[in-house]
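The structure appears right after this line, and notes come after that.
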Amino acid sequence: MSEPIFLTVPIEEGGERLDKWLAAQDLPLTRSAIQGLIESGMVTRNGNPSNKKEKLRAGDTISVEIPDPEPLDVTPQNLPIDIIYEDDSLLVVNKPKGMVVHPAPGHPDGTLVNALLYHCAGRLSSINGVIRPGIVHRIDMNTSGLLIVAKTDAAHTHLAAQIQAHSFHRAYAAIACGRFGTTEGTIHEPIGRSPRDRQKMCVIATGRDAITHYTVEEQYARHALVRCVLETGRTHQIRVHLTRIGHPIYGDDVYGTAVKGVQGQCLHAKEIGFVHPQTEQWLSFDSPLPAEFLEIQRKVASLRD
């Protein structure tokens, strides 16, 4: 364990929530990692355990203990990965549909993390722990497309701060069911874990704020090609939000209806944009729609009422 970090709350910052205030400090931690440290008792306020929602007072002394990285026990595997961009700080990867991002029950290996550990020789950020090294944000197994991977803790913290500030650009292409009444709109509904099925997310008053902007790019007889821009990044956000307004994603067997011969939701992470953690330059990437997505698009475009 490294030496604790001691911070003092200035006069003008009294009244802030503990987790929010710490996330704004120059620490090599994401907000979720900070919340985990608070819950495990590794953050104290004036020598006493705290909770993340506590309001700080001017002059409070905050102590933060950052544990040493755990030894990684995920096996590197020489798996093919489509790297769009790479430098000493980060990678942008184009993930195929069907590939799991990190090991989980039922998927102990063969994941993107296994492939990244091999490709990067273990040089990935440690902020998200031993199971998700380098993973700044996830996309679902059956969602294809772009995601960013951090090689260093400094890059990870910088990128996570952009996501928190809603300045990190992410746009998705989706085939949605039904005819839309408007060509564009915003869905602003909180998302949280379903009380009926803990494996699913849902719109729920106690959930976290979630905002999705959508544009109908092509309207067909029974389906539509929709561009969705994330302002927030909640689990299953686009899938839950489109279902909420009556337009589940084609093939989504969790929030919509399974389609024979289609492997899960027809959703592709098409665009990503961010400020580079070192150069401070804006980088943007666009991933072409994969062949399976284009084939489904042709199929639904040919359907008639």
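Considering only residues of the stretch 43-57 that are of a type in the set (Lys, Arg) and not in a loop (DSSP other than H, G, I, E, B), which is surrounded by the most Cβ atoms within 10 Å (Cβ to Cβ)?
Ranking the candidates gives Arg45 first.
Go through (1) surrounded by 17 or more Cβ atoms within 10 Å (Cβ to Cβ); (2) under 17 Å from the mean Cα position of the chain (by Cα) and name the single condition His119 misses.
Unmet for His119, out of (1) surrounded by 17 or more Cβ atoms within 10 Å (Cβ to Cβ); (2) under 17 Å from the mean Cα position of the chain (by Cα): (2).
Kindly provide the set of residues from the stretch 287-305 that are free of Cβ contacts under 8 Å to residues at least 40 places away in the same chain and either open to solvent by less than 40 Å² (accessible area, probe 1.4 Å) or under 23 Å from the mean Cα position of the chain (by Cα) (or both), ordered by number.
Pro288
Restricted to the stretch 18-40, and to residues that are open to solvent by less than 40 Å² (accessible area, probe 1.4 Å) and in a loop (DSSP other than H, G, I, E, B), which residue is farthest from Asn128 (Cα to Cα)?
Filtering first and then ranking leaves Leu27.
Looking at the stretch 274-287, can you tell me whether even one residue there is touching a Pro at 6+ places or on another chain (Cβ under 8 Å) and either outside any helix (DSSP H, G or I) or modelled with pLDDT of 95 or more (or both)?
No; the residues of the stretch 274-287 include none that is touching a Pro at 6+ places or on another chain (Cβ under 8 Å) and either outside any helix (DSSP H, G or I) or modelled with pLDDT of 95 or more (or both).
Out of the residues in the stretch 144-153 that are open to solvent by less than 30 Å² (accessible area, probe 1.4 Å) and of a type outside the set (A, V, I, L, M), which is farthest from Ala23 (Cα to Cα)?
Ranking the qualifying residues of the stretch 144-153, first place goes to Ser144.
Only strands (runs of 3 or more DSSP E) wholly contained in the stretch 191-240 count here; list those with 1 or more residues that are on the phi < 0 side of the Ramachandran plot, hydrophobic (A, V, I, L, M, F, W, C) and at pLDDT 95 or above.
Answer list for the stretch 191-240: 201-203, 211-219, 223-230.
When the stretch 154-171 is examined, which residues are found to be under 18 Å from Asp209 (Cα atoms) and open to solvent by 50 Å² or more (accessible area, probe 1.4 Å)?
Within the stretch 154-171, Ala161, Gln164, Ala165, His166, Ser167, His169 qualify.
Being under 21 Å from Lys270 (Cβ atoms) and not aliphatic (A, V, I, L, M): is that true of His156 here?
no
For the stretch 172-190, how many residues meet the condition of being surrounded by fewer than 16 Cβ atoms within 10 Å (Cβ to Cβ) and assigned to a strand (DSSP E or B)?
Adding up the residues that qualify gives 4.
Quick one: in the stretch 166-220, of everything that is of a type in the set (Gly, Ala, Ser) and touching a His at 6+ places or on another chain (Cβ under 6 Å), which residue is farthest from Leu147 (Cα to Cα)?
Gly178
Of all residues in the stretch 81-93, how many are within 23 Å of Ala173 (Cβ to Cβ) and open to solvent by 30 Å² or more (accessible area, probe 1.4 Å)?
5
Search the stretch 97-112 for residues being over 23 Å from Pro288 (Cα atoms) and either touching a helix residue (DSSP H, G or I) at 6+ places or on another chain (Cβ under 8 Å) or open to solvent by less than 20 Å² (accessible area, probe 1.4 Å) (or both), and hand back the single one that is modelled with the highest pLDDT.
Looking at residues that are over 23 Å from Pro288 (Cα atoms) and either touching a helix residue (DSSP H, G or I) at 6+ places or on another chain (Cβ under 8 Å) or open to solvent by less than 20 Å² (accessible area, probe 1.4 Å) (or both), I get His102.
Would you check which residues across the stretch 249-278 are open to solvent by 80 Å² or more (accessible area, probe 1.4 Å) and farther than 25 Å from Val203 by Cα and list them?
Of everything in the stretch 249-278, those that are open to solvent by 80 Å² or more (accessible area, probe 1.4 Å) and farther than 25 Å from Val203 by Cα turn out to be Lys260, Gly261, Gln278.
The values are calculated or read from the model by the stated rules, or taken from the named source; none is laboratory data. Just so it is clear, the model here is predicted, and its values are computed rather than measured. Glycine gets a Cβ as well: all are built from the backbone with ideal geometry, and neighbour counts include every protein chain shown. Only protein heavy atoms, including side chains, enter the accessible area calculation; ligands, DNA and RNA are left aside. Shrake-Rupley method; radii C 1.70, N 1.55, O 1.52, S 1.80 Å.
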